[in-house]
Protein chains: 4
Amino acid sequence: MKIGILTSGGDCPGLNAVIRGVVLKGSTSYDLEFVGIRDGWRGVVEGDFMPLTRHEVKGLSKVGGTILGTSRTNPYEGERGGAENIAKTLYGHKIDGIIAIGGEGTLAAADRLSKDGIKVLGVPKTIDNDLRATDYSFGFDTAVNIATDAMDRLRTTGDSHQRCMVAEVMGRHVGWIALHAGIAAGAHVICIPEVPMSIDEIAAQVASAHDRGRAPLVVVSEGFTLEGMDEAYSDKGLDAFNRPRLGGIGDQLAPMIEKITGVETRATILGHIQRGGSPSAFDRVLATRLGLHAADAIVDGAWGQMVAMKGTDIVRVPFEEALGELNTVPRYRYDEAAALFG
Amino acid sequence: MKIGILTSGGDCPGLNAVIRGVVLKGSTSYDLEFVGIRDGWRGVVEGDFMPLTRHEVKGLSKVGGTILGTSRTNPYEGERGGAENIAKTLYGHKIDGIIAIGGEGTLAAADRLSKDGIKVLGVPKTIDNDLRATDYSFGFDTAVNIATDAMDRLRTTGDSHQRCMVAEVMGRHVGWIALHAGIAAGAHVICIPEVPMSIDEIAAQVASAHDRGRAPLVVVSEGFTLEGMDEAYSDKGLDAFNRPRLGGIGDQLAPMIEKITGVETRATILGHIQRGGSPSAFDRVLATRLGLHAADAIVDGAWGQMVAMKGTDIVRVPFEEALGELNTVPRYRYDEAAALFG
Amino acid sequence: MKIGILTSGGDCPGLNAVIRGVVLKGSTSYDLEFVGIRDGWRGVVEGDFMPLTRHEVKGLSKVGGTILGTSRTNPYEGERGGAENIAKTLYGHKIDGIIAIGGEGTLAAADRLSKDGIKVLGVPKTIDNDLRATDYSFGFDTAVNIATDAMDRLRTTGDSHQRCMVAEVMGRHVGWIALHAGIAAGAHVICIPEVPMSIDEIAAQVASAHDRGRAPLVVVSEGFTLEGMDEAYSDKGLDAFNRPRLGGIGDQLAPMIEKITGVETRATILGHIQRGGSPSAFDRVLATRLGLHAADAIVDGAWGQMVAMKGTDIVRVPFEEALGELNTVPRYRYDEAAALFG
Amino acid sequence: MKIGILTSGGDCPGLNAVIRGVVLKGSTSYDLEFVGIRDGWRGVVEGDFMPLTRHEVKGLSKVGGTILGTSRTNPYEGERGGAENIAKTLYGHKIDGIIAIGGEGTLAAADRLSKDGIKVLGVPKTIDNDLRATDYSFGFDTAVNIATDAMDRLRTTGDSHQRCMVAEVMGRHVGWIALHAGIAAGAHVICIPEVPMSIDEIAAQVASAHDRGRAPLVVVSEGFTLEGMDEAYSDKGLDAFNRPRLGGIGDQLAPMIEKITGVETRATILGHIQRGGSPSAFDRVLATRLGLHAADAIVDGAWGQMVAMKGTDIVRVPFEEALGELNTVPRYRYDEAAALFG
């Protein structure tokens, strides 16, 4: 059997470890043959492939990014897109099935292609940890470590200058990175998309930490929104025209916090450094195990499913389980941490 | 209520984060009072206590070691030991119960004291990850990260000199650190206490990696034993008298591997650096959550139990569940990784 | 003799190591007594002091920030400012002299106070490495390491997405951090305040790297300015109104680079994480040595001077040598690296 | 002109960065052609070469080890060795000159070959920093950072258990790594080859730190020798037969320290992890600059010399300057740090 492997969506530490795991297990234990598909679904649609043997995956467990490239191409779009065209392209290259490593969009496409008759196996990838059906996804632990390390550094500056430091971390729709890095770094305020907070609540927690002699540390998910941001901004006597427009939410919160509390406040947007570079050991192990099990799943003909982590085990779940609703931070997990901010 | 907290056994990254979690939750949400018990059970037996308020736990989530000190004292030994004496000592200091953070020995003592009428709550601590009843224990992730980072470094030396590098990691009775660090770093041989291997099997895997042009990387748990080590040693024409005696198993394997394969081989014993220093973000989050839940458990009167991690949740389990059998690496987890060595 | 120590200006990894070095050497070898001055010159002016013995400096060599606090107060301003008032305040507290650890502004104030009769010894502090009279200053090596690590991470994202990544690093007036981190991380374009470049030159280097199949990596000092930025912006058909206004130069370059080259481009502003956290070993050694020598200088009565690094030695130089002109990147150092970008 | 490049002796972080610097500068600015010589002088003697273009050096500045391989072959030994044979081999492959990156042995051979008419340019490499004629050598800063990080970790274990921790670091003949890592990590005793100490002096410093409530931290160079070690051993009532024989000096000091002071003592031999892995930013910059200047030196015909670091500059020095005497730690540098231990 000849299997194509693709990585799709934003890059994530551990993608290469998955690829290595699949190829080593598939070629050693099962005599499967692999080809690399370039730049996600684009390579499927355009028939852009590269060799993928033991040789290509040598030493990859610690290498960040993806040797296959990635893109956000939708396989149902374009002249050569759609299940029928793709089936022809795969047939022409004697590719029997696809392993698609990607997030919600990728897995939704994989689900649709699968229902349209293409053999697809999924591997969940989300640095934000926003997919249900897997306890944790690779890349998340690395991102939390990077954010935590950055916040450890910000804290010494805050302490020296008696400043409030605001760190904006990744998380468009879910607050897992902010919650975990916030707990790990000892943040005094954690702002996540799942938990609405007003600027006055945030400022009150900042002021409380400051009153106890601490340099307040605020972590905010990029996807957090303050209700009535513009109104809040002008209410505080800040010029809405001068409000940072293209900066992140961190840049927007900082002047409001400073205005209300009187505590000098600085924001840092961690940005892309959270998703690049060498994966943590946890992510290497998780990604490698997902890859090893993906090879097993292919041999078992478990198409239309994805491999996932449950407790300490790797299991298989249908695509649908991962789709639809996001894996948001449950309220009890946020409340659990509340004693740390108080 | 006034609660004493102790840390016992070998130190472990995350101990301070547990202490901080308990104190912040207990004092903020429940109005509990805490005292620190110095040097594990020694402090209980000798009545050696220290203040433990919010102030003392400030900024502790990232600090390695334990501010309370630790020892391997057995609370049933010595003139002032035993449940009856301890009950008196605690009563004299108005201490209502104890949170004992420790490994198997500590939890066994806690279980016995609990049955003898002392109010004890446990928090599992094992850098080796050898306790059943918790999916993972804090400290383990940090140790795996340190071992992985060290092996990444050893690999470049191996590659440059075409040498076999042997890394000895912690794990007296179980091979979790070797297994996870071995997967993460791409080791070619993983030797763990649970899986018997002969020197010839090890050498064969080394030779196979070398024949594929790789610099062989071997990871071995400190608790791994080669059956018939002395015989194996002299069989290979090595002088048993010159066999490293006080070095670790890594020091002993290296000359045998070199003798059999002809590949120059060097050993490194990672030792204590695996258990010190700042915890990884994963361990800080896990340890903090265990601490927060321990405070809840006290208020619920859940004495005689310990808090533990199951999947993504923190649960309570009776002491017995953690005791008796060790959490060894199951054979399927070792075999799962076999394709990586091949 | 009783000596006050202050830290002034932006925080910097190594400040605590200097303080520790002074106190250990001064109290062990010379029987000097020390007091900590809170928040830079503010503490001198307001007479705000704290105890500073061996006990307070325990374990400080690896701790980021400054235990003394810092501020940007000018000692010649305010009702209680000025040399005469300060002399009275110091006399009242029986403080014989001051060690001032700070950057250009601090050392200029120290120079003036010194000429006005106050006994001041300087220790140069600049994370940007912009002070003449010292080969390197502590904090700089740590900042370069952090920036390099971040750029290593950005590179994997760039490679996976075939994007151009722009990293903005510290350096208001000089480009040392950008130059060193750019060399270390293998940047394809290095934009520093000392070397004027047009957007077309920058874009040409980006395009050249992209044409060679590389994901272009651009590092830019925060103080770099593009001549005619607004014109350049609208020339490229970008809406000047939408130009990021409060973001850094990195945010401003990215859309222009993307517009000209057609290569998707993302910016990351590293910001405050470059100046916080534990110092590198190089900075700990340098800072500690400066502290040790500062104690010697006091005993030698070398007031009006500062300690500095020359080659591998610590020397003394008059304040003036450090003032006036900045330590800019000489053109030959920039040109030396040009072959790396080509 | 066609130039061969070789790396010789123990591997060292930064070797690849030198190679990259030479090749980028030489091929971009001067139209030089390069070939890689495999495994140091062995490749010269046996005529074992590999292609070395821009393509091969892509992304190498951060990669540990050497892509060329290394060995300890002496070019004057063996049937095909000696200047005359080598001249023929180089002539046969149209190689005009050699860049030899290596330590004292390598540079001594280069000097001799140079005097015998072979065109050789040297680049100094020593992780121990034991070469005169260069202020610092690449690899040293990385080693000091790794040793410091390890000692930071050991300290938390020492503190928790009130133990003395002994760290053995690299340094066969000189104590630079021990001195710098010891200063950086706040060691209480620094034992280096240049400064004789008796076991009683060491124990006295350990006891003094312990009496002040500190967990004593001892750093010892692998090349440190205690005068009369065996006598010292049996004098302390320790069984000389059980003395660790193949372990390092750290393993030997620990039981003696424990015996004399009564403080529980543990040793860790850091070993090979100090010389592998990704170089620090300092080492990447230094190594890259040496490479760039080596290309200049070739074009200038500066054969028989080596490039070296003086202050902040890269200069050229004749081979002899680097040979003969080692760059030992001068006594004033050791004494300078003494106040830190006291």
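Bear in mind these aren't lab numbers, they're just calculated from the coordinates by the rules spelled out. Since the model is a prediction, treat every value here as computed from it, not as a measurement. When we count neighbours, we look across all protein chains shown, and the Cβ atoms used for this are built from the backbone with ideal geometry, even at glycine.
List the relative contact order of the stretch B:141-274 as a percent without decimals, with contacts defined as Cα pairs under 8 Å and 6+ residues apart. Please report the intermediate quantities before stating the final value.
Details: 252 pairs, mean separation 45.2, N = 134.
Relative CO of the stretch B:141-274 lands at 34 percent.
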Working note, the stretch D:1-140: Cα radius of gyration (Å, one decimal) and Dmax (Å, whole number) are 14.0, 38
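Eigenvalues of the Cα gyration tensor times 5, then square-rooted: what semi-axes does that give for chain C, in whole angstrom, largest first?
Result for chain C: semi-axes of 43, 20, 16 Å.
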Helix C:331-341: inclination vs chain C longest Cα principal axis, degrees, rounded to 10, gives 40
Sorted by chain and then number, the residues having a modelled amide H within less than 5 Å of the amide H of D:Val220, at least 5 places away or on another chain, are D:Ala167, D:Glu168, D:Val169, D:Cys191
One finds, for B:Asp230 and B:Thr28 with R0 = 45 angstrom and r their Cβ-Cβ distance, a FRET efficiency to the nearest 0.05 of 0.15
With one decimal in nm and the nearest listed first, the spacings from A:Asp31 to its own position in the other copies, using label points 7 Å along Cα-to-Cβ, are 5.6, 7.4, 8.8
Expressed in angstrom and rounded, the centroid-to-centroid distance over alpha carbons for the stretch B:150-188 and the stretch C:38-99 is 50
One point scatterer per Cα, no solvent, Debye formula: log10 I(q)/I(0) for the stretch C:141-274 at q = 0.09, 0.11, 0.20 Å⁻¹ comes out as -0.22, -0.33, -1.14
If you rotate chain D onto chain A, the residue of D with its Cβ nearest that axis, and the gap in whole angstrom, comes out as D:Ser278, 5
Note: probe point = Cα of D:Lys310 + 7 Å toward Cβ; backbone nitrogen < 16 Å; residues of the stretch D:125-148 passing the test are D:132-137
Taking only the alpha-carbon atoms of the stretch A:225-304, the convex hull volume per residue, in cubic angstrom, is 172
Restricted to the stretch A:141-274, the DSSP antiparallel beta bridge percent, nearest 5, is 0
Reduced to Cα centres, the span from the stretch C:280-322 to the stretch D:274-342 in Å works out to 22
Residue-ordered couplings for the stretch B:60-65, obtained by feeding phi - 60° into the Karplus form 6.51 cos²θ - 1.76 cosθ + 1.60 and rounding to whole Hz (Gly and Pro as x), are 7, 4, 9, 8, x, x
Expressed as a percent, the portion of alpha-carbon pairs in the protein assembly as shown spaced more than 46 Å apart is 37
Checking C:His210, C:His180, C:His55 against a Gaussian network model of chain C (alpha-carbon springs below 10 Å), the top fluctuating residue turns out to be C:His55
Computed over chain B: longest principal axis from alpha-carbon atoms vs helix B:83-92 long axis, angle to nearest 10 degrees, is 50
Output ordering of B:74-85, C:143-154 (per-residue mean of other Cβ within 10 Å, highest first) is C:143-154, B:74-85
With x for Gly and Pro, the residue-by-residue ³J(HN,Hα) of the stretch C:126-133, computed from phi through the Karplus equation 6.51 cos²θ - 1.76 cosθ + 1.60 at θ = phi - 60° and given in whole Hz, is 7, 5, 7, 6, 9, 9, 5, 6
Restricted to the protein assembly as shown, the DSSP antiparallel beta bridge percent, nearest 5, is 25
With a 22 Å threshold on alpha-carbon distance, the violating pairs from B:Lys62/B:Lys125; C:Lys25/C:Lys62; C:Lys25/D:Lys236; C:Lys58/C:Lys94; A:Lys25/A:Lys62 are C:Lys25/D:Lys236; C:Lys58/C:Lys94
Any residue on another chain or 5+ positions along whose placed amide H is under 5 Å from the amide H of D:Leu131 is listed here as D:Asn327
With only helices counted (DSSP H, runs n ≥ 4, each -39500 (n - 2.57)), the per-residue ellipticity at 222 nm for chain C, to the nearest 500, works out to -13000 deg cm²/dmol
Between the Cα axis of helix D:140-161 and the main Cα principal axis of chain D, the angle (0 to 90°, nearest 10) is 20
For A:Gly69, other-chain or 5+-apart residues with amide H closer than 5 Å (H placed, Pro excluded) are A:Asp39
